Amino acid sequence: MKNTFKTRPLGKTYIEVSTLGFGAASMGNLYQAVSDEEAKNTLTAAIDVGISLFDTAPRYGAGLSERRVGDALRGLDKKEYILSTKVGRFDQT
């Protein structure tokens, strides 16, 4: 059973998001390596408790965080979540 967080408007928009968002830097191995399975389980748990705002960026693990978050959200109705990402530079060094 889904424990839904309270929601509120995002800024001055009519977009409703959970009062707690999921910052996905760690899904890109920011502080320590996270396996694909751990990432999937973590994101699934966040979805299951009602988190509907997910934040990622191409700099989080050279796109790894975006891929993992995308994999987790792919099967959901797009009305069930908000995905926030950033435009950033990606160095190939």
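Under the combined filter of DSSP loop state and at most 13 neighbouring Cβ atoms within 10 Å, the chain retains these trypsin sites (Lys or Arg not before Pro): K2, K6, K12, R74, K86, R89. Relative to the dominant Cα principal axis of the chain, helix 64-73 is inclined by about 30°. Only lysines eight or more places from K40 in sequence, or on another chain, were considered; those with a Cα closer than 26 Å are K2, K6, K78, K79, K86. Ligands, DNA and RNA left out, the 1.4 Å accessible surface of the chain is 55% carbon and sulfur atoms. Restricting the chymotrypsin sites (Phe, Trp or Tyr not before Pro) of the stretch 6-93 to loop positions (DSSP other than H, G, I, E, B) with no more than 11 neighbouring Cβ atoms within 10 Å leaves Y14, Y31, F90. Accessible surface computed residue by residue for the chain, with neighbouring protein chains in place and a 1.4 Å probe, gives 71 Å² per residue. Answer rounded, prolate or oblate for the chain, using the Cα gyration tensor with square roots of eigenvalues a ≥ b ≥ c: rounded when a/c is under 1.5, else prolate when a/b is larger than b/c, else oblate. Note, shape of the chain comes out oblate. Selection among T7, T44, S26 by position relative to the dipole of the chain gives T7 as farthest towards the positive end (Cβ unit charges, Cα centre).
The values are calculated or read from the model by the stated rules, or taken from the named source; none is laboratory data. What you are looking at is a predicted structure, and each value in this text was computed from that prediction instead of being measured. Cβ atoms come from the backbone with ideal geometry, glycine included; neighbour counts cover every protein chain shown. Ligands, DNA and RNA are excluded from the accessible area calculation, which covers all protein heavy atoms including side chains. Shrake-Rupley method; radii C 1.70, N 1.55, O 1.52, S 1.80 Å.
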